[in-house]
1. Enumerate the pairs (first residue in segment 355-377 and at positive phi; second residue anywhere and open to solvent by less than 10 Å² (accessible area, probe 1.4 Å)) with beta-carbon separation below 7 Å, excluding pairs fewer than 6 apart on the same chain, so at least 6 apart or on different chains.
2. For D223, work out the one condition from (1) within 16 Å of the ligand (Cβ to nearest atom); (2) in contact (Cβ under 8 Å) with a residue 24 or more places away in the chain; (3) not polar (S, T, N, Q) it doesn't fulfil.
3. Taking the condition under 26 Å from N326 (Cα atoms), open to solvent by less than 40 Å² (accessible area, probe 1.4 Å) and in a helix (DSSP H, G or I), does V9 pass?
4. Looking only at segment 96-122, count how many residues are within 12 Å of M56 (Cα to Cα) and open to solvent by less than 70 Å² (accessible area, probe 1.4 Å).
5. Got a number for residues in segment 298-320 being among the β-branched types (V, I, T), in contact with a helix residue (DSSP H, G or I) (Cβ under 8 Å, 6 or more places away or on another chain) and either over 13 Å from I210 (Cβ atoms) or within 16 Å of the ligand (Cβ to nearest atom) (or both)?
6. Being touching a residue at least 40 places away in the same chain (Cβ under 8 Å) and open to solvent by 60 Å² or more (accessible area, probe 1.4 Å) narrows it down to one of E72, E36, so name that one.
7. Suppose we filter segment 115-153 for residues that are at pLDDT below 95 and of a type in the set (F, W, Y); how many remain?
8. For segment 251-260, which positions are surrounded by 15 or more Cβ atoms within 10 Å (Cβ to Cβ) and more than 21 Å from L212 (Cα to Cα)?
Amino acid sequence: MQSDIVYDVAVIGGGASGLTVAIIAKQRGLKAVIIERSDRIGRKILVSGNGRCNLMGDGDIISKYNTLDIKEIFSVVTIDNIKSFFYDLGVYLKLDNGRYYPYSDQSSTVLTAFKNKVDALNIDLKLSTNVLQIKDSQPFCLHTSNGCVFATNVVLATGSSAHMGQDSLDLYKSYNHHVRPFKPALAPLITDTAHIRGLKGVKIRAGATIVLDNIPLATRVGDILFKDNGVSGSLALELSSILVRHAHSNAEIYIDFMPGIDGDELDLALKIALNGLFHKEIVANILKRAKNPSEIKKLIKKYPIKITGIASSDLAQVMSGGLLLNEFNLSTLESKLQSKLYAVGEVLDVDGECGGYNLMWAWASGIVVGNALSRQM
Ligand SMILES: Cc1cc2nc3c(=O)[nH]c(=O)nc-3n(C[C@H](O)[C@H](O)[C@H](O)COP(=O)(O)OP(=O)(O)OC[C@H]3O[C@@H](n4cnc5c(N)ncnc54)[C@H](O)[C@@H]3O)c2cc1C
């Protein structure tokens, strides 16, 4: 596949962030190529949000990320800018409980819109092509499994190793970029199994607090799914993304089986029917664990389970870690170490909580780089 074309921009990775950059760059007249190692684009868009694609969050965006440095990006790219990008793709959005979804509730709608746009704009797409090495700079020479590709600008959009993705961080070593190693975030929590026996498959709405060395770290309410080796569900995933930012050798999760209910109301509920309040296995676990009747109430509000780890990258939706953000110019996401080299999306050391914030970062960073490239040419 050796070709003498020198592209204005080569985007490595055909995921959410890479597709966004390539579309904006091509719309502004740049000759763009997307190089994707798998045989299709947008694999994670399709599986996102349980097939619904929770593509953006709302409200206080900045606090949902591991770093405040993203402030600069979101001061330039607003929710309205992202909405406009999707309207231009032909995807109408709706807001549901503080989360944005495609109106169809189908992630395939989003992926199809991206594919149609890539086709309509005639963006070169090299599928089943793994980028193995990036060399030189003017132009860059990308050694791939199918020959060399030359480009004036290169965008690193290779994502992370979450959910059987590929960790391509070695690609950037030649430009002396530093990385924080990837660790699973938004992944099930592995726990001591003694106090969750018999609960496998039980799914409830609950509150939960992560406690580190006896100090509460974060409390959330959401769905929790008991597994044979720990807890999953949106609540556990969300807490894992906060826990991963700390050393967690002495962590516990305290489950609140009746969030928002306390005092007299709790006493009344317990008096009327403990058995009718929860799944029978939850009741059995609480009764087995309570040393005396007064402890039952305490366990209902604060059921402690020791956390022994976070599940592996295959079960993670996102990885925490990646290329250090301080080595990139925050207004363009161009490398400070190598001009005309850019990075977007999850390959950067940015991860967000559940609620659409990871895809939101992919689109927002993609828009910033797409615009920066267009200004530069
Ligand atoms: C099951 C699941 C559900 C999720 N649900 C949500 C959700 O509802 N809301 C939300 O905000 N986020 C969600 N996420 C997270 C979100 O999907 C990701 O954060 C986002 O897709 C990251 O986009 P990206 O472009 O940075 O990386 P990716 O989408 O991972 O794209 C990177 C691409 O680069 C390619 N690549 C890697 N290395 C190379 C190489 N050397 N050469 C060529 N190509 C390469 C990969 O094959 C991949 O296609 C979910 C993730 C998973 C796994």
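1. G355/G57; G356/L55; G356/M56; G356/G57
2. Exception for D223: condition (2).
3. When the stated conditions are applied, V9 does not pass them.
4. At the first step, the residues of segment 96-122 found to be within 12 Å of M56 (Cα to Cα) are 96-102.
After this cut, where a residue has to be open to solvent by less than 70 Å² (accessible area, probe 1.4 Å) as well, the list is 96, 98, 100-102.
Counting residues in segment 96-122 that are within 12 Å of M56 (Cα to Cα) and open to solvent by less than 70 Å² (accessible area, probe 1.4 Å) gives 5.
5. Qualifying residue count for the region: 3.
6. Being touching a residue at least 40 places away in the same chain (Cβ under 8 Å) and open to solvent by 60 Å² or more (accessible area, probe 1.4 Å) holds for just one of E72, E36, which is E72.
7. 0
8. The one that is surrounded by 15 or more Cβ atoms within 10 Å (Cβ to Cβ) and more than 21 Å from L212 (Cα to Cα): M258.
The values are calculated or read from the model by the stated rules, or taken from the named source; none is laboratory data. This is a predicted model, so every value here is computed, not measured. Ideal geometry is used to build each Cβ from the backbone, glycine not excepted, and the neighbour counts take in all protein chains shown. To get the accessible areas, we keep the full protein, side chains included, count just its heavy atoms, and leave off ligands, DNA and RNA. Shrake-Rupley method; radii C 1.70, N 1.55, O 1.52, S 1.80 Å.
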